[in-house]
Structure formats: structure tokens, C-alpha cells
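The values are calculated or read from the model by the stated rules, or taken from the named source; none is laboratory data. In this text the structure is predicted, and so the values were computed from the model without any measurement. Note that each Cβ is placed from the backbone with ideal geometry, even for glycine, and that neighbours are counted across all protein chains shown. Ligands, DNA and RNA are stripped out before the accessible areas are found, and what is left, the full protein with its side chains, is counted by its heavy atoms. Shrake-Rupley method; radii C 1.70, N 1.55, O 1.52, S 1.80 Å.
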Amino acid sequence: MAANDGDVFAQKEKRNLELRGHVGFDSLPDQLVRKSVAPGFCFNILCVGETGIGKSTLMNTLFNTTFENEEASHFQTEVQMRPETDDLQESNVNLKLTTVHTVGFGDQINREESYKPILEYIDTQFGRYLEEELKIQRSLFNFHDTRIHTCLYFIAPTGHSLKSLDLVTMKKLDSKVNIIPVIAKADTLSKSELDKFKIKIMSELVSNGVQIYQFPTEDEAIAEINTSMNTHLPFAVVGSLEDVKVGNKMVKARLYPWGSVQVENENHCDFVKLREMLLRVNMEDLREQTHARHYELYRRCKLEEMGFKDTDPDSQSFSLQDTYEAKRKEFLVDLQLKEEQMRQMFVNKVKETEAELKEKEKELHDRFEQLKRMHQGEKKNLEEKRRELEEEMNAFNRKKVAAETLMGQTLQGCSQQPFKKDKDKKN
């Protein structure tokens, strides 16, 4: 009945009424501005690029300050995510800026899984926000939102083509984050080389199906500038905080023996274009795209995994309690099944262990019997040898006695012969 009433109300034409005087709700935009400015804003930038390509220098130049970044080495065994949060203030606007650097990206010999720590970090930040959103007592107003709003992907100025690592990583990231590709250290290439390199990069991105962030053109106020800037992607940037005197003024530039490359000179690089698009025109759109597109995709997948689903217009509405109970029962059944499987595995393991112990016991028993037989055989041999030795000793003793008797008789016979000779001489 409620649904039918809703259809009836929807079919009625809306009426436009004229006010007889000033009411005051035209100040609502100003109220929203004051309410938004009071707590401040947050903006999170992910910097992806090889070590030493100039990520930290560009971030320092973009925000005209010096962030505390530890110098990274080229000897990282794996890619590490290094986030840093700073509070910035410009006029009366507070900004909580989080920059995340990919330490060790591209430094390994095997780079096939270099993108995985980046994906895991992005999903972890989405998961933190979803957990806060699903709490009974949630506080999203004061929650530190660390979801990545944009990814500055730093491309090495080779002048030839994208590396396979760059294509694979951007392809994995394009459904998770707003990617803005930039050519780092663009002052190492000539203007003609940069133009050809940009065309080559965009061609490879399109042919490989990589979706980079396109500046929105729906808003008439910024449609013209965004349309123009979309044709300049990827931005060729140069970063520097060094003040160099050019003419009668000090500018940020990189000084070379042949001259200088001015950071904010649009004839030298695209740094001003990047800063304009990233911070001054499209920062809020990047935040909205992160929440409405990338986070919603993550949230939908996670809720579908938890068993929640939207109903069709023709079907009956579902009960959250019924869905929870059904999911709980499913979880308990699955838990019981896993417990039974673990119990069965334990029983099988015990049986296998008992069989192994019995087999080893049998082997030990057989070995004991074998050693016992060997011992008995050796004992029997020793008894026989002892008996033989005793017989030999008895025979030897008999021979010794016989020899001693014979020797005694011989000596006695020899002693009687001289006595007979002396007696004969006297006669």
C-alpha cells in the first residue's frame, strides 16, 4: 500500500510557488561553507614511482613547504608503504594532508608483485572506513579518512615507451584510485621529445585499457579549462624549492650551466597545470570520485561477500535482521562443518601416528630379536672357543708333566753313571 501511495505521489506534477518576501533559506550555501570550513578538510595523495625519480621534491614544490621524508635506498627487498600526515593551513582553511610514498618500488629484480603492497594498502584504508561506517556508534564526522583520493604516477623520462611494470601497476590500480600520470624530471627531454613521449604514453594506455582520471567537464564553470587540460596529460613536471634570480625577480628553478628551468614557467614544464588541476580546481571532485566510485565498488563487493544484496523493484523488501540471522546460521553451519573436518583430520592424524609408532615398534622388536640371536650365537662361539682352549691347556699340562717326568728320569740316569765308574776304578 505504501509503495502504491508513493507511485501516486510521484505521478503528481510538482508546483512552483512564488514567495511573497524574503525567507532566508538562500543562505544555506553559506551555512554549508561555514560548517565545512570549521572542521577542515583531508586530502590523501599516493606517490608511485621508482626510487630517486623526484616524488618528494615534487610534493615539496606543490605545497611550497618541506616535508620530513627519510631518504630511501635502492636496496629494499620489497615495496614498503610510508604514509606521512601533516596539518597545513592557508588563510582560514585547514587541510590534513597525507602523502604516501612507495619505498623500494621498482628496485627488486623480480618486479611481478610490486603492485600488491599498493593494492593492499588502498584496500586497507577502504576497509577502515567501512568498519567505522558499519559501527553501531559511528563517528564519521571526526573520523580520519585515509582513503587515497589521487595517485600521482611518476613515469621515468626515457623518451621511448612505458615500462611493463608501469602498465601492469596502473592497470591494477585504475579501479581503485584516481590516477594522474606525470612525467618526472621532464627537463631531461627536449620539447619535441616530450610531445612525442606524451603521445606514445597515451597511446599505450588506451591500447592496454588503462583508465586514468579525466578532469570533469559537466560543470560549465570549469568545463573549458578541464577539457583543455585533458589534452595535456600526462603532465611533464619539474620540481625545485631553490630560488634563482631571473632578471629582476626570484623564481623557483633548477639552475644549469647553460641556463635555468623555471618551475612555474608554463613554457618550460607543466607544473603550473598540475597544481591548478590537482589543488585549485578538481580537489573536491577527486574526493567525490573516491567516495562515489572507488569506495562504493569496494563497499558493494564486501557487502555482497557478507550476504547482503539489493532487491529488485518487483520483489519484496528484505529484512536486515532476517539477512543477519540467515548469514549467522550459514556461518554456524560452516563453522560446524570445519570443526568436523578438523576433528576428522585429528582422528586420521592420530591413527596415522599410531600406525607409524606400531611400525617402528615392530622394527625395534625385530631388531632386538636379531641382536639377541647374534648375541646368543657369539656367546655360543665364545663357549666353544673357551672349551677348546681349556682342552688345549689340559693337553699342554699333560705334555708338560710328561716332559718333566722324562727329564727327571734322564737326569737321574746321568747322575748314577759316574758313581759306577768310580766304583769300578776302586776295585
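Considering T102, T169, T146, the condition of being closer than 19 Å to L46 by Cα, in contact with a strand residue (DSSP E or B) (Cβ under 9 Å, 6 or more places away or on another chain) and assigned to a loop (DSSP other than H, G, I, E, B) is satisfied by T146 alone.
For the range 93-103, indicate whether the set of residues that are of a type in the set (D, E, K, R) and open to solvent by 60 Å² or more (accessible area, probe 1.4 Å) is non-empty. Walk me through how you get there before you give the answer.
Quick first cut of the range 93-103, residues of a type in the set (D, E, K, R) only: 96.
Next cut, open to solvent by 60 Å² or more (accessible area, probe 1.4 Å) only: 96.
Checking the range 93-103: at least one residue is of a type in the set (D, E, K, R) and open to solvent by 60 Å² or more (accessible area, probe 1.4 Å).
I'd like the full set of residues that are of a type outside the set (D, E) and at pLDDT below 75, limited to the range 70-88.
Hits for the range 70-88 are A72, S73, H74, F75, Q76.
Take the conditions (1) at pLDDT 90 or above; (2) part of a helix (DSSP H, G or I); (3) surrounded by fewer than 20 Cβ atoms within 10 Å (Cβ to Cβ); E132 misses just one of them, which is (1).
Any chance the range 356-374 includes a residue that's at pLDDT 90 or above, out of contact with any strand residue (DSSP E or B) (no Cβ under 9 Å at 6 or more places or on another chain) and of a type in the set (S, T, N, Q)?
Yes: one or more hits.
When the range 336-356 is filtered for residues that are open to solvent by less than 70 Å² (accessible area, probe 1.4 Å) and within 30 Å of E305 (Cα to Cα), nothing remains.
Could you go through the range 275-294 and let me know if any residue there is in a helix (DSSP H, G or I), surrounded by 13 or more Cβ atoms within 10 Å (Cβ to Cβ) and polar (S, T, N, Q). Yes, the conditions are met somewhere in the range 275-294.
When the range 248-293 is filtered for residues that are in contact (Cβ under 8 Å) with a residue 40 or more places away in the chain, closer than 25 Å to V37 by Cα and not polar (S, T, N, Q), the ones remaining, listed by number, are L274, R275, E276, M277, L278, L279, V281, M283, D285, L286, R287, H291.
Conditions (1) hydrophobic (A, V, I, L, M, F, W, C); (2) in the same structural domain as D187 (by the TED database), marked per residue:
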site	(1), (2)
S228	no, yes
T231	no, yes
V261	yes, no
N282	no, yes
Y298	no, yes
C301	yes, yes
D334	no, no
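Residues that are under 22 Å from A156 (Cα atoms), of a type outside the set (V, I, T) and in a helix (DSSP H, G or I) within the range 24-70 comprise K55, S56, L58, M59, N60, L62, listed in sequence order. Only a single item in (1) within 14 Å of P181 (Cα to Cα); (2) in a loop (DSSP other than H, G, I, E, B); (3) touching a strand residue (DSSP E or B) at 6+ places or on another chain (Cβ under 6 Å) is not met by C269, and it is number (1).
When the criteria are applied in full, E264 fails the requirement of being part of a helix (DSSP H, G or I) and either open to solvent by 40 Å² or more (accessible area, probe 1.4 Å) or modelled with pLDDT under 90 (or both).
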